[in-house]
1. Looking only at residues that are touching a His at 6+ places or on another chain (Cβ under 8 Å) and more than 22 Å from H192 (Cα to Cα) in region 388-420, which one is surrounded by the fewest Cβ atoms within 10 Å (Cβ to Cβ)?
2. Spot the failing condition for K19; the list is (1) within 29 Å of E255 (Cβ to Cβ); (2) modelled with pLDDT under 95; (3) basic (K, R), and only one is missed.
3. List the number of the failed condition for D266; all other conditions in (1) acidic (D, E); (2) in contact with an Asp or Glu (Cβ under 8 Å, 6 or more places away or on another chain); (3) within 30 Å of F63 (Cα to Cα) hold.
4. Among the residues of region 421-444, what is the count of those that are surrounded by fewer than 16 Cβ atoms within 10 Å (Cβ to Cβ) and over 22 Å from the mean Cα position of the chain (by Cα)?
5. For region 171-209, give me each residue that is touching a helix residue (DSSP H, G or I) at 6+ places or on another chain (Cβ under 6 Å), farther than 29 Å from L301 by Cα and surrounded by fewer than 18 Cβ atoms within 10 Å (Cβ to Cβ).
6. Out of all the residues in region 452-502, which are over 27 Å from Y238 (Cβ atoms) and of a type in the set (D, E, K, R)?
7. Quick test of your reading of the structure: P153 fulfils all but one of (1) surrounded by fewer than 23 Cβ atoms within 10 Å (Cβ to Cβ); (2) closer than 22 Å to A501 by Cβ; (3) not basic (K, R). Name the failing condition by number.
8. May I ask you to say which residue of G43, G82, G47 is modelled with pLDDT of 95 or more and either in contact with a His (Cβ under 7 Å, 6 or more places away or on another chain) or surrounded by fewer than 17 Cβ atoms within 10 Å (Cβ to Cβ) (or both)?
Amino acid sequence: MKHVYVALSIIFFMISCTKAPEINVVPMPNSVSQTSGVFKVSGKSVGIDASVDAKSAAKIMDFASRLTLVTGKPSNVQEGEGDFYFVANSALADEEYTIDISKNKVNVQASSYNGFLYALTTLGQMLPSSFYGSKVAPKSSWVLPCATIKDKPRFAYRGMHKDDSRHFFGVEEAKRYLDVMAMYKLNRLHWHLTDDQGWRVEIKRYPRLTEVGSQRANTIVGHMVAEGQPYETDGTPYGGFFTQDEIREVVAYAEDLGITIVPEIDLPGHMLAALASYPELGCTGGPYEVWNAWGVAKEVLCVGKESTFDFIEGVLTEIMDLFPSEYIHIGGDECPKDAWKVCPRCQARIRALGLKDDDNASAEQYLQNYVTARVQKFLADHGRKIIGWDEILEGQLSEGATVMSWRGPEGGIKAAGDGFDSIMTPTGYCYFDYYQSDQTDKEPLSIGGYVPIDTVYSFDPYKGVPDDERHHIIGVQANLWTEYIATPEHLEYMLLPRMVALSEVQWCENRDYDRFLHSLTTHQFPILDIRGYTYSKAVIGIYGMR
(Lines give C-alpha, C1' and ligand atoms only; values in the text may rest on other atoms or scores of the structure.)
Protein backbone atom coordinates (compact mmCIF):
# COMPACT_ATOMS: atom_id res chain seq x y z
CA MET A 1 0.00 0.00 0.00
CA LYS A 2 2.90 2.28 0.83
CA HIS A 3 4.36 1.72 -2.64
CA VAL A 4 1.02 2.57 -4.24
CA TYR A 5 0.88 5.79 -2.22
CA VAL A 6 4.41 6.77 -3.31
CA ALA A 7 3.61 6.03 -6.96
CA LEU A 8 0.43 8.08 -6.85
CA SER A 9 2.32 10.93 -5.18
CA ILE A 10 4.92 10.94 -7.96
CA ILE A 11 2.22 10.96 -10.65
CA PHE A 12 0.39 13.79 -8.90
CA PHE A 13 3.66 15.74 -8.61
CA MET A 14 4.41 15.28 -12.31
CA ILE A 15 0.92 16.41 -13.28
CA SER A 16 0.95 19.43 -11.01
CA CYS A 17 4.39 20.48 -12.28
CA THR A 18 3.45 20.46 -15.98
CA LYS A 19 4.99 23.66 -17.18
CA ALA A 20 2.62 26.12 -18.81
CA PRO A 21 3.79 27.02 -22.32
CA GLU A 22 4.54 30.56 -23.36
CA ILE A 23 1.75 32.48 -25.05
CA ASN A 24 3.36 33.17 -28.42
CA VAL A 25 0.33 34.34 -30.36
CA VAL A 26 0.79 36.81 -33.25
CA PRO A 27 -0.85 39.23 -33.42
CA MET A 28 -0.66 39.32 -29.64
CA PRO A 29 -4.10 39.61 -28.01
CA ASN A 30 -4.80 42.98 -26.45
CA SER A 31 -5.48 41.62 -22.95
CA VAL A 32 -3.87 38.45 -21.60
CA SER A 33 -3.99 37.48 -17.94
CA GLN A 34 -2.10 34.21 -17.40
CA THR A 35 -2.55 32.15 -14.24
CA SER A 36 -0.94 28.96 -12.97
CA GLY A 37 -1.83 25.60 -14.39
CA VAL A 38 -2.73 24.11 -17.74
CA PHE A 39 -5.71 22.64 -19.57
CA LYS A 40 -4.96 19.24 -21.14
CA VAL A 41 -6.25 19.23 -24.68
CA SER A 42 -6.07 15.59 -25.80
CA GLY A 43 -9.38 13.76 -25.96
CA LYS A 44 -11.46 16.65 -24.63
CA SER A 45 -15.01 17.20 -25.85
CA VAL A 46 -15.99 20.25 -27.87
CA GLY A 47 -19.38 21.72 -26.96
CA ILE A 48 -21.24 24.15 -29.21
CA ASP A 49 -24.08 26.17 -27.71
CA ALA A 50 -27.31 26.50 -29.70
CA SER A 51 -26.66 30.26 -29.90
CA VAL A 52 -23.73 29.71 -32.29
CA ASP A 53 -24.61 30.12 -35.98
CA ALA A 54 -24.21 27.18 -38.34
CA LYS A 55 -21.27 28.66 -40.27
CA SER A 56 -19.26 29.27 -37.10
CA ALA A 57 -20.24 25.84 -35.77
CA ALA A 58 -18.78 24.24 -38.89
CA LYS A 59 -15.44 25.94 -38.23
CA ILE A 60 -15.50 24.81 -34.61
CA MET A 61 -16.07 21.23 -35.79
CA ASP A 62 -13.07 21.60 -38.10
CA PHE A 63 -11.02 22.62 -35.04
CA ALA A 64 -12.20 19.50 -33.19
CA SER A 65 -11.26 17.33 -36.16
CA ARG A 66 -7.77 18.81 -36.22
CA LEU A 67 -7.32 18.18 -32.50
CA THR A 68 -8.33 14.57 -33.08
CA LEU A 69 -5.85 14.28 -35.96
CA VAL A 70 -2.79 15.73 -34.25
CA THR A 71 -3.29 14.37 -30.71
CA GLY A 72 -4.45 10.91 -31.75
CA LYS A 73 -7.34 11.06 -29.29
CA PRO A 74 -10.92 11.90 -30.28
CA SER A 75 -12.27 15.36 -29.48
CA ASN A 76 -15.95 14.61 -29.86
CA VAL A 77 -18.34 17.41 -30.78
CA GLN A 78 -21.58 17.76 -28.85
CA GLU A 79 -24.46 20.17 -28.63
CA GLY A 80 -24.38 22.18 -25.43
CA GLU A 81 -21.63 22.34 -22.84
CA GLY A 82 -18.32 20.51 -23.30
CA ASP A 83 -14.71 20.72 -22.14
CA PHE A 84 -14.28 23.35 -24.85
CA TYR A 85 -17.47 25.40 -24.81
CA PHE A 86 -18.33 27.89 -27.57
CA VAL A 87 -21.11 30.40 -26.90
CA ALA A 88 -22.38 33.40 -28.90
CA ASN A 89 -22.40 36.69 -26.98
CA SER A 90 -24.15 39.58 -28.74
CA ALA A 91 -22.66 42.06 -26.28
CA LEU A 92 -19.25 41.63 -27.92
CA ALA A 93 -18.28 43.82 -30.87
CA ASP A 94 -17.89 42.45 -34.37
CA GLU A 95 -14.56 40.53 -34.58
CA GLU A 96 -14.15 40.63 -30.79
CA TYR A 97 -13.73 37.41 -28.81
CA THR A 98 -12.90 36.16 -25.32
CA ILE A 99 -11.20 32.95 -24.17
CA ASP A 100 -11.20 31.80 -20.56
CA ILE A 101 -8.93 28.80 -19.94
CA SER A 102 -9.01 27.01 -16.59
CA LYS A 103 -7.60 23.59 -15.67
CA ASN A 104 -10.94 21.94 -16.42
CA LYS A 105 -12.57 24.03 -19.13
CA VAL A 106 -12.08 26.40 -22.06
CA ASN A 107 -14.90 28.92 -22.55
CA VAL A 108 -14.96 30.83 -25.84
CA GLN A 109 -17.33 33.67 -26.71
CA ALA A 110 -17.80 35.82 -29.82
CA SER A 111 -20.63 37.61 -31.58
CA SER A 112 -19.68 37.00 -35.21
CA TYR A 113 -18.22 34.46 -37.58
CA ASN A 114 -14.91 36.34 -37.73
CA GLY A 115 -14.84 36.56 -33.94
CA PHE A 116 -15.05 32.77 -33.64
CA LEU A 117 -12.45 32.37 -36.41
CA TYR A 118 -10.00 34.60 -34.54
CA ALA A 119 -10.62 32.77 -31.26
CA LEU A 120 -9.87 29.45 -32.99
CA THR A 121 -6.77 30.96 -34.59
CA THR A 122 -5.53 32.14 -31.19
CA LEU A 123 -6.14 28.71 -29.65
CA GLY A 124 -4.27 27.09 -32.53
CA GLN A 125 -1.24 29.32 -32.07
CA MET A 126 -1.22 28.61 -28.32
CA LEU A 127 -0.70 24.92 -29.06
CA PRO A 128 2.53 23.30 -30.32
CA SER A 129 3.39 24.14 -33.92
CA SER A 130 2.64 20.52 -34.89
CA PHE A 131 -1.03 21.50 -34.56
CA TYR A 132 -0.63 22.80 -38.14
CA GLY A 133 0.76 19.51 -39.43
CA SER A 134 -0.94 16.44 -40.86
CA LYS A 135 0.35 13.69 -38.57
CA VAL A 136 -0.28 12.52 -35.02
CA ALA A 137 2.25 14.09 -32.66
CA PRO A 138 1.86 12.06 -29.44
CA LYS A 139 5.07 13.31 -27.83
CA SER A 140 4.02 16.92 -27.96
CA SER A 141 2.83 18.65 -24.83
CA TRP A 142 -0.82 19.08 -25.79
CA VAL A 143 -1.78 21.66 -23.19
CA LEU A 144 -3.10 25.22 -23.10
CA PRO A 145 -1.88 27.62 -20.41
CA CYS A 146 -4.57 28.81 -18.00
CA ALA A 147 -5.36 32.37 -19.00
CA THR A 148 -8.09 34.89 -19.68
CA ILE A 149 -7.90 36.57 -23.08
CA LYS A 150 -9.98 39.54 -24.22
CA ASP A 151 -9.25 40.63 -27.72
CA LYS A 152 -10.44 42.75 -30.62
CA PRO A 153 -8.70 44.46 -33.55
CA ARG A 154 -7.32 47.98 -33.58
CA PHE A 155 -8.40 48.62 -37.20
CA ALA A 156 -11.44 47.36 -39.08
CA TYR A 157 -9.56 47.21 -42.41
CA ARG A 158 -6.48 44.98 -42.17
CA GLY A 159 -5.25 44.54 -45.68
CA MET A 160 -2.66 42.88 -47.85
CA HIS A 161 -2.23 43.62 -51.55
CA LYS A 162 -1.40 41.07 -54.24
CA ASP A 163 -0.39 41.98 -57.79
CA ASP A 164 -1.34 39.37 -60.39
CA SER A 165 -0.99 41.80 -63.29
CA ARG A 166 2.80 42.05 -63.55
CA HIS A 167 3.09 38.32 -62.88
CA PHE A 168 0.25 35.82 -62.74
CA PHE A 169 0.18 33.26 -59.92
CA GLY A 170 -3.06 31.35 -60.40
CA VAL A 171 -5.77 29.96 -58.14
CA GLU A 172 -3.77 27.71 -55.82
CA GLU A 173 -1.24 30.41 -54.90
CA ALA A 174 -4.10 32.84 -54.32
CA LYS A 175 -5.46 30.37 -51.78
CA ARG A 176 -2.07 29.93 -50.08
CA TYR A 177 -1.79 33.72 -49.85
CA LEU A 178 -5.24 33.88 -48.26
CA ASP A 179 -4.39 31.03 -45.87
CA VAL A 180 -1.42 32.82 -44.37
CA MET A 181 -3.36 36.09 -44.19
CA ALA A 182 -6.07 34.30 -42.20
CA MET A 183 -3.54 32.84 -39.78
CA TYR A 184 -2.57 36.39 -38.78
CA LYS A 185 -6.11 37.79 -38.76
CA LEU A 186 -5.95 40.01 -41.86
CA ASN A 187 -9.40 40.53 -43.34
CA ARG A 188 -8.96 42.30 -46.72
CA LEU A 189 -7.14 41.15 -49.85
CA HIS A 190 -6.61 44.02 -52.28
CA TRP A 191 -6.33 42.13 -55.57
CA HIS A 192 -4.60 44.07 -58.37
CA LEU A 193 -5.97 42.43 -61.51
CA THR A 194 -5.33 44.93 -64.33
CA ASP A 195 -2.45 47.15 -65.39
CA ASP A 196 -0.26 48.06 -68.36
CA GLN A 197 1.52 44.68 -68.04
CA GLY A 198 -1.52 42.44 -68.24
CA TRP A 199 -5.31 42.11 -67.85
CA ARG A 200 -6.02 39.12 -65.59
CA VAL A 201 -9.79 38.87 -65.12
CA GLU A 202 -12.24 37.53 -67.70
CA ILE A 203 -14.86 40.08 -68.79
CA LYS A 204 -17.42 38.34 -70.96
CA ARG A 205 -18.66 41.56 -72.54
CA TYR A 206 -15.12 42.36 -73.68
CA PRO A 207 -13.39 39.05 -74.51
CA ARG A 208 -10.34 40.67 -76.14
CA LEU A 209 -9.26 41.92 -72.71
CA THR A 210 -8.04 38.42 -71.97
CA GLU A 211 -7.52 37.19 -75.54
CA VAL A 212 -5.12 40.07 -76.22
CA GLY A 213 -4.63 42.03 -73.01
CA SER A 214 -3.49 39.08 -70.90
CA GLN A 215 -0.51 38.39 -73.19
CA ARG A 216 2.78 40.27 -73.58
CA ALA A 217 5.82 39.68 -75.73
CA ASN A 218 8.35 39.40 -72.89
CA THR A 219 9.13 40.36 -69.30
CA ILE A 220 11.73 42.61 -67.68
CA VAL A 221 14.46 40.72 -65.84
CA GLY A 222 16.81 43.56 -64.88
CA HIS A 223 16.88 47.22 -63.92
CA MET A 224 17.23 50.10 -66.37
CA VAL A 225 20.95 50.66 -66.93
CA ALA A 226 20.55 54.38 -67.67
CA GLU A 227 17.68 56.81 -68.22
CA GLY A 228 16.23 56.36 -71.67
CA GLN A 229 17.86 52.98 -72.26
CA PRO A 230 15.64 49.89 -72.48
CA TYR A 231 15.23 47.34 -69.72
CA GLU A 232 16.73 43.90 -70.07
CA THR A 233 14.00 41.42 -70.99
CA ASP A 234 13.78 37.64 -71.28
CA GLY A 235 12.36 37.47 -74.82
CA THR A 236 9.71 34.95 -73.71
CA PRO A 237 5.97 35.51 -74.29
CA TYR A 238 4.03 35.65 -71.04
CA GLY A 239 0.35 35.47 -70.17
CA GLY A 240 -2.48 34.12 -68.06
CA PHE A 241 -5.78 35.17 -66.54
CA PHE A 242 -8.52 34.09 -64.14
CA THR A 243 -11.78 32.88 -65.59
CA GLN A 244 -14.91 34.14 -63.89
CA ASP A 245 -15.49 30.69 -62.39
CA GLU A 246 -11.97 30.78 -60.92
CA ILE A 247 -12.58 34.25 -59.51
CA ARG A 248 -15.77 33.01 -57.82
CA GLU A 249 -13.86 30.03 -56.43
CA VAL A 250 -11.22 32.28 -54.84
CA VAL A 251 -13.81 34.76 -53.54
CA ALA A 252 -15.73 31.91 -51.85
CA TYR A 253 -12.49 30.51 -50.41
CA ALA A 254 -11.61 33.93 -48.98
CA GLU A 255 -15.07 34.38 -47.50
CA ASP A 256 -14.70 31.06 -45.67
CA LEU A 257 -11.52 32.48 -44.10
CA GLY A 258 -13.25 35.70 -43.04
CA ILE A 259 -11.50 37.70 -45.78
CA THR A 260 -13.15 40.11 -48.20
CA ILE A 261 -11.48 40.56 -51.58
CA VAL A 262 -11.31 44.15 -52.84
CA PRO A 263 -10.70 44.06 -56.61
CA GLU A 264 -8.76 46.82 -58.35
CA ILE A 265 -9.50 47.92 -61.90
CA ASP A 266 -6.99 50.73 -62.33
CA LEU A 267 -8.26 53.71 -64.35
CA PRO A 268 -7.98 55.97 -66.28
CA GLY A 269 -4.20 55.33 -66.43
CA HIS A 270 -2.37 51.98 -66.27
CA MET A 271 -4.66 50.81 -69.08
CA LEU A 272 -2.28 49.71 -71.87
CA ALA A 273 -3.53 46.12 -71.70
CA ALA A 274 -7.08 47.36 -72.31
CA LEU A 275 -5.93 49.77 -75.05
CA ALA A 276 -4.05 46.98 -76.82
CA SER A 277 -7.28 44.97 -76.74
CA TYR A 278 -9.59 47.79 -77.82
CA PRO A 279 -7.51 50.57 -79.46
CA GLU A 280 -10.60 52.74 -79.98
CA LEU A 281 -10.56 53.42 -76.20
CA GLY A 282 -7.42 55.56 -76.56
CA CYS A 283 -6.96 59.14 -77.65
CA THR A 284 -4.97 58.22 -80.79
CA GLY A 285 -6.62 54.94 -81.72
CA GLY A 286 -3.33 53.06 -81.43
CA PRO A 287 -1.79 50.74 -82.18
CA TYR A 288 -0.93 49.92 -78.56
CA GLU A 289 1.06 47.07 -77.04
CA VAL A 290 0.86 45.37 -73.65
CA TRP A 291 3.86 46.71 -71.76
CA ASN A 292 6.81 44.74 -70.42
CA ALA A 293 8.53 47.56 -68.54
CA TRP A 294 8.33 49.04 -65.08
CA GLY A 295 7.14 52.61 -64.77
CA VAL A 296 4.33 54.76 -66.12
CA ALA A 297 2.99 54.46 -69.65
CA LYS A 298 1.83 57.76 -71.15
CA GLU A 299 -1.17 56.34 -72.99
CA VAL A 300 -4.45 56.48 -71.04
CA LEU A 301 -8.16 56.05 -71.67
CA CYS A 302 -9.75 58.74 -73.81
CA VAL A 303 -12.35 60.20 -71.46
CA GLY A 304 -13.68 62.58 -74.07
CA LYS A 305 -15.62 59.67 -75.62
CA GLU A 306 -18.88 58.42 -74.11
CA SER A 307 -17.98 54.97 -75.40
CA THR A 308 -15.10 54.92 -72.91
CA PHE A 309 -17.56 55.27 -70.04
CA ASP A 310 -19.71 52.54 -71.57
CA PHE A 311 -16.62 50.35 -71.43
CA ILE A 312 -15.78 51.29 -67.83
CA GLU A 313 -19.34 50.67 -66.66
CA GLY A 314 -19.55 47.40 -68.57
CA VAL A 315 -16.36 46.13 -66.93
CA LEU A 316 -17.38 47.29 -63.46
CA THR A 317 -20.82 45.69 -63.81
CA GLU A 318 -19.21 42.29 -64.27
CA ILE A 319 -16.67 43.01 -61.51
CA MET A 320 -19.51 43.79 -59.09
CA ASP A 321 -21.16 40.51 -60.04
CA LEU A 322 -17.95 38.63 -59.21
CA PHE A 323 -16.97 40.47 -56.02
CA PRO A 324 -19.51 41.20 -53.24
CA SER A 325 -17.06 43.63 -51.57
CA GLU A 326 -18.47 46.95 -50.39
CA TYR A 327 -15.36 48.58 -51.86
CA ILE A 328 -14.13 48.57 -55.46
CA HIS A 329 -10.62 49.98 -55.95
CA ILE A 330 -10.38 52.18 -59.06
CA GLY A 331 -6.69 53.04 -58.86
CA GLY A 332 -6.38 56.60 -60.12
CA ASP A 333 -2.62 56.77 -59.59
CA GLU A 334 0.11 57.90 -61.94
CA CYS A 335 -2.24 59.07 -64.67
CA PRO A 336 -0.28 61.16 -67.22
CA LYS A 337 -2.22 64.00 -68.80
CA ASP A 338 -0.09 64.39 -71.95
CA ALA A 339 -2.55 62.65 -74.26
CA TRP A 340 -5.51 64.61 -72.89
CA LYS A 341 -3.75 67.91 -73.50
CA VAL A 342 -3.63 67.29 -77.27
CA CYS A 343 -6.74 65.15 -77.69
CA PRO A 344 -9.59 67.12 -79.37
CA ARG A 345 -12.27 65.01 -77.66
CA CYS A 346 -10.78 65.38 -74.19
CA GLN A 347 -10.31 69.11 -74.69
CA ALA A 348 -13.92 69.37 -75.86
CA ARG A 349 -15.00 67.60 -72.68
CA ILE A 350 -12.94 70.05 -70.63
CA ARG A 351 -14.63 73.00 -72.32
CA ALA A 352 -18.11 71.49 -71.96
CA LEU A 353 -17.52 70.99 -68.23
CA GLY A 354 -16.08 74.48 -67.82
CA LEU A 355 -12.84 73.17 -66.36
CA LYS A 356 -9.92 75.58 -66.13
CA ASP A 357 -6.39 75.72 -64.77
CA ASP A 358 -6.08 77.37 -61.38
CA ASP A 359 -3.57 77.56 -58.55
CA ASN A 360 -4.79 74.22 -57.20
CA ALA A 361 -4.73 72.05 -60.31
CA SER A 362 -4.76 71.94 -64.10
CA ALA A 363 -7.88 71.56 -66.20
CA GLU A 364 -6.71 68.05 -67.08
CA GLN A 365 -6.42 67.16 -63.39
CA TYR A 366 -9.99 68.35 -62.90
CA LEU A 367 -10.91 66.15 -65.84
CA GLN A 368 -9.58 63.16 -63.91
CA ASN A 369 -11.66 64.32 -60.92
CA TYR A 370 -14.68 64.24 -63.23
CA VAL A 371 -13.86 60.66 -64.23
CA THR A 372 -13.44 59.62 -60.59
CA ALA A 373 -16.70 61.27 -59.56
CA ARG A 374 -18.61 59.74 -62.44
CA VAL A 375 -17.32 56.24 -61.70
CA GLN A 376 -17.96 56.80 -58.00
CA LYS A 377 -21.60 57.70 -58.69
CA PHE A 378 -22.06 54.67 -60.94
CA LEU A 379 -20.75 52.37 -58.22
CA ALA A 380 -22.74 54.16 -55.51
CA ASP A 381 -25.90 53.63 -57.55
CA HIS A 382 -25.15 49.92 -57.21
CA GLY A 383 -24.47 50.10 -53.48
CA ARG A 384 -20.67 50.17 -53.69
CA LYS A 385 -17.92 52.57 -52.59
CA ILE A 386 -14.63 53.50 -54.21
CA ILE A 387 -11.09 53.36 -52.93
CA GLY A 388 -8.41 55.19 -54.90
CA TRP A 389 -4.70 55.84 -54.52
CA ASP A 390 -3.86 59.19 -52.93
CA GLU A 391 -3.58 60.96 -56.31
CA ILE A 392 -7.39 61.16 -56.31
CA LEU A 393 -7.01 63.88 -53.67
CA GLU A 394 -5.42 66.17 -56.25
CA GLY A 395 -7.89 68.73 -57.53
CA GLN A 396 -11.32 67.96 -56.08
CA LEU A 397 -12.63 64.71 -54.60
CA SER A 398 -16.30 63.86 -54.14
CA GLU A 399 -17.67 63.04 -50.71
CA GLY A 400 -17.69 59.36 -49.75
CA ALA A 401 -14.44 58.26 -51.43
CA THR A 402 -11.78 56.41 -49.46
CA VAL A 403 -8.12 57.27 -50.00
CA MET A 404 -5.27 54.77 -49.97
CA SER A 405 -2.17 56.72 -48.97
CA TRP A 406 0.90 55.20 -50.67
CA ARG A 407 3.34 58.04 -51.41
CA GLY A 408 3.82 58.56 -47.68
CA PRO A 409 1.48 59.10 -44.73
CA GLU A 410 0.81 62.68 -45.83
CA GLY A 411 -2.01 61.70 -48.18
CA GLY A 412 -3.82 59.89 -45.39
CA ILE A 413 -3.31 62.80 -43.01
CA LYS A 414 -4.71 65.22 -45.58
CA ALA A 415 -7.62 62.92 -46.40
CA ALA A 416 -8.55 62.63 -42.73
CA GLY A 417 -8.34 66.39 -42.35
CA ASP A 418 -10.65 66.83 -45.33
CA GLY A 419 -13.15 64.37 -43.89
CA PHE A 420 -12.30 61.33 -46.03
CA ASP A 421 -11.62 57.84 -44.72
CA SER A 422 -8.09 56.66 -45.39
CA ILE A 423 -6.07 53.45 -45.43
CA MET A 424 -2.39 53.90 -44.65
CA THR A 425 0.04 52.06 -46.94
CA PRO A 426 3.14 54.28 -47.29
CA THR A 427 6.12 53.05 -49.30
CA GLY A 428 8.63 53.57 -46.49
CA TYR A 429 6.89 51.06 -44.23
CA CYS A 430 4.49 49.01 -46.33
CA TYR A 431 6.03 48.20 -49.71
CA PHE A 432 7.02 44.56 -49.61
CA ASP A 433 8.53 44.56 -53.10
CA TYR A 434 11.42 46.52 -51.55
CA TYR A 435 14.46 44.65 -50.24
CA GLN A 436 14.03 43.32 -46.70
CA SER A 437 17.77 42.97 -46.14
CA ASP A 438 20.70 45.32 -46.66
CA GLN A 439 22.66 42.33 -48.03
CA THR A 440 21.16 42.92 -51.47
CA ASP A 441 23.81 40.87 -53.27
CA LYS A 442 22.52 37.81 -51.41
CA GLU A 443 18.84 38.53 -52.02
CA PRO A 444 16.69 37.87 -55.11
CA LEU A 445 16.36 40.80 -57.51
CA SER A 446 14.01 43.46 -56.22
CA ILE A 447 12.65 46.73 -57.52
CA GLY A 448 14.87 48.55 -55.00
CA GLY A 449 14.27 50.33 -51.71
CA TYR A 450 14.75 48.86 -48.23
CA VAL A 451 11.96 47.92 -45.80
CA PRO A 452 13.23 45.49 -43.14
CA ILE A 453 10.89 43.82 -40.71
CA ASP A 454 11.69 46.13 -37.81
CA THR A 455 10.73 49.12 -39.96
CA VAL A 456 7.38 47.50 -40.75
CA TYR A 457 6.82 46.83 -37.05
CA SER A 458 7.66 50.41 -36.08
CA PHE A 459 4.97 52.00 -38.26
CA ASP A 460 2.55 54.24 -36.38
CA PRO A 461 -0.51 54.82 -38.61
CA TYR A 462 -1.76 57.64 -36.38
CA LYS A 463 1.44 59.68 -36.35
CA GLY A 464 0.68 63.24 -37.44
CA VAL A 465 -3.11 62.70 -37.36
CA PRO A 466 -4.98 64.90 -34.85
CA ASP A 467 -6.90 62.96 -32.20
CA ASP A 468 -10.28 64.16 -33.44
CA GLU A 469 -9.52 62.97 -37.00
CA ARG A 470 -8.12 59.51 -36.20
CA HIS A 471 -11.48 57.84 -36.74
CA HIS A 472 -10.92 58.48 -40.45
CA ILE A 473 -7.85 56.20 -40.46
CA ILE A 474 -9.81 53.00 -40.98
CA GLY A 475 -6.97 50.64 -41.71
CA VAL A 476 -3.45 49.66 -42.70
CA GLN A 477 -2.25 47.65 -45.70
CA ALA A 478 1.02 46.52 -47.24
CA ASN A 479 1.53 46.26 -51.00
CA LEU A 480 3.43 43.60 -52.92
CA TRP A 481 4.04 44.54 -56.56
CA THR A 482 5.48 41.83 -58.77
CA GLU A 483 7.52 43.38 -61.60
CA TYR A 484 10.50 41.26 -60.47
CA ILE A 485 8.62 38.43 -58.76
CA ALA A 486 7.84 35.55 -61.11
CA THR A 487 7.40 32.49 -58.87
CA PRO A 488 5.18 31.61 -55.91
CA GLU A 489 8.28 30.94 -53.79
CA HIS A 490 9.66 34.42 -54.47
CA LEU A 491 6.23 35.95 -53.80
CA GLU A 492 5.99 34.26 -50.40
CA TYR A 493 9.60 35.13 -49.61
CA MET A 494 8.90 38.83 -50.07
CA LEU A 495 5.65 38.57 -48.12
CA LEU A 496 6.97 36.68 -45.10
CA PRO A 497 7.72 37.32 -42.34
CA ARG A 498 7.04 41.03 -42.93
CA MET A 499 3.29 40.39 -43.13
CA VAL A 500 3.50 38.79 -39.68
CA ALA A 501 4.91 42.08 -38.34
CA LEU A 502 2.26 44.01 -40.25
CA SER A 503 -0.47 42.02 -38.49
CA GLU A 504 0.56 43.46 -35.13
CA VAL A 505 0.52 47.02 -36.52
CA GLN A 506 -3.01 46.34 -37.74
CA TRP A 507 -4.29 44.53 -34.66
CA CYS A 508 -2.44 45.48 -31.47
CA GLU A 509 -2.96 48.60 -29.38
CA ASN A 510 0.38 47.98 -27.67
CA ARG A 511 3.39 46.38 -29.28
CA ASP A 512 6.71 45.04 -28.03
CA TYR A 513 9.27 44.24 -30.72
CA ASP A 514 11.44 42.04 -28.48
CA ARG A 515 8.43 39.92 -27.51
CA PHE A 516 7.34 39.77 -31.17
CA LEU A 517 10.80 38.76 -32.37
CA HIS A 518 10.97 35.98 -29.78
CA SER A 519 7.58 34.66 -30.86
CA LEU A 520 8.52 34.96 -34.52
CA THR A 521 11.71 32.94 -34.30
CA THR A 522 10.62 30.33 -31.74
CA HIS A 523 7.01 29.68 -32.77
CA GLN A 524 5.97 31.39 -36.01
CA PHE A 525 8.92 30.16 -38.08
CA PRO A 526 8.16 26.50 -37.18
CA ILE A 527 4.50 27.05 -38.13
CA LEU A 528 5.52 28.52 -41.49
CA ASP A 529 7.89 25.57 -42.00
CA ILE A 530 5.16 23.02 -41.29
CA ARG A 531 2.82 24.77 -43.70
CA GLY A 532 5.47 24.84 -46.42
CA TYR A 533 5.89 28.59 -46.88
CA THR A 534 9.06 30.18 -48.22
CA TYR A 535 10.13 33.11 -46.03
CA SER A 536 13.07 35.37 -45.33
CA LYS A 537 15.36 34.55 -42.40
CA ALA A 538 17.26 37.84 -42.62
CA VAL A 539 16.18 38.66 -39.08
CA ILE A 540 18.37 35.79 -37.83
CA GLY A 541 21.24 36.54 -40.21
CA ILE A 542 20.41 34.06 -42.99
CA TYR A 543 20.03 35.64 -46.42
CA GLY A 544 18.53 34.60 -49.72
CA MET A 545 15.90 32.05 -50.69
CA ARG A 546 17.19 28.85 -49.14
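The values are calculated or read from the model by the stated rules, or taken from the named source; none is laboratory data. Quantities reported herein were computed from a predicted structural model and do not represent experimental measurements. When we count neighbours, we look across all protein chains shown, and the Cβ atoms used for this are built from the backbone with ideal geometry, even at glycine.
1. If we filter region 388-420 for residues that are touching a His at 6+ places or on another chain (Cβ under 8 Å), which is where we start, we get 388, 404, 415-416, 419-420.
The next check asks that each one be more than 22 Å from H192 (Cα to Cα); those that pass are 415-416, 419-420.
Details: A415: 27, A416: 25, G419: 11, F420: 20.
Among them, the one singled out is G419.
2. Exception for K19: condition (1).
3. Here D266 clears every test but (3).
4. Adding up the residues that qualify gives 5.
5. Across region 171-209, the qualifying residues are V171, E173, K175.
6. D454, D460, K463, D467, D468, E469, R470
7. (1)
8. Numbers: G82 fails: either in contact with a His (Cβ under 7 Å, 6 or more places away or on another chain) or surrounded by fewer than 17 Cβ atoms within 10 Å (Cβ to Cβ) (or both); G47 fails: either in contact with a His (Cβ under 7 Å, 6 or more places away or on another chain) or surrounded by fewer than 17 Cβ atoms within 10 Å (Cβ to Cβ) (or both).
None of the others qualify; the one that does is G43.
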